[in-house]
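Data first, discussion second: the structure below is written as structure tokens.
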């Protein structure tokens, strides 16, 4: 049987679509948008679209979990795509099928931060005023300890590692995606009920999206999934090859975060 593969492009804005019918744009937080640009919307059927301020791109992933019917699902962003090595070409159906014959899941190359995840969390909040406060990661840990104690060892291990798969991007067979979503959205819903979001600026309330970036690393390790790492192409960079190579090194991560926050405060 020919597997149905859909790569969902998570977006909050209009953009130039890839010339490949496998890639389908879905408007995140579409409950809060007047114009859908003709894209899929995440506010139909069973959805959490109105909570996009807290979940970020995860409202689109929730919609796919509850409403889509593809055999293999993948998630990229309107400007971030899985690339074929250094070719700067995005993955096609044949590439995905070949990889998933031998691997459970496709994830972005690990980012090398030059510090542990827990230090990155603390310093990013302290110096860049960005991301969740460390006390909210403690709330996340307490939820895991209560409801998913088998994951605590792997959560603590993740916090003390110096690498991380980012962006909430992955590709897998539908069964695996469903199992992961059931786990992660249960955790995020419980964490959400315990966090004081008023202490965050409007742009910073999307901390459940930040949590899921770290949590997928925990899920993969606990379940001993066979991972194929692929480089990420950012298609609006003037020198994308340098980005693909450079993101492997910690200094790039530090500069990326610093410049991102400079632009954020300038726009404010």
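Nothing in this text is a laboratory measurement; each read-out follows from the coordinates by a stated rule. Remember, predicted model here, so these are calculated numbers, not experimental data. Don't worry about glycine lacking a Cβ; one is built from the backbone with ideal geometry, like all the others, and counts go over all protein chains shown.
For the listed peptides 136-145, 202-211, a ranking on the average number of other beta carbons within 10 Å per residue, highest first, reads 202-211, 136-145.
Please work out the C-alpha center-to-center distance from the stretch 1-37 to the stretch 92-157 and express it in whole Å. The two parts, judged by their Cα centres, are 25 Å apart. Determine the percent antiparallel among the DSSP beta bridges restricted to the chain, to the nearest 5. Looking only at bridges with both residues in the chain, the antiparallel portion is about 40 percent.
What is the percent of Cα-Cα separations in the chain that go past 33 Å? More than 33 Å apart: 15 percent of the Cα pairs in the chain. Classify the stretch 110-158: rounded, prolate or oblate, from the alpha-carbon gyration tensor (a ≥ b ≥ c, eigenvalue square roots; a/c under 1.5 rounded; otherwise prolate if a/b is larger than b/c)? Oblate is the answer for the stretch 110-158, as a/c is 1.5 or above yet b/c matches or exceeds a/b.
Suppose a student asked you for the relative contact order of the stretch 5-267, using Cα pairs under 8 Å spaced at least 6 residues apart; what percent would you report?
Working: 418 pairs, mean separation 65.7, N = 263.
That works out to 25 percent.
Compactness ratio for the stretch 21-70: Cα radius of gyration over 2.2 N^0.38 Å (N = residue count) comes to 1.04. Taking every C-alpha pair closer than 8 Å and separated by at least 6 residues, the mean separation divided by the residue count of the stretch 1-115 gives a relative contact order of 25 percent.
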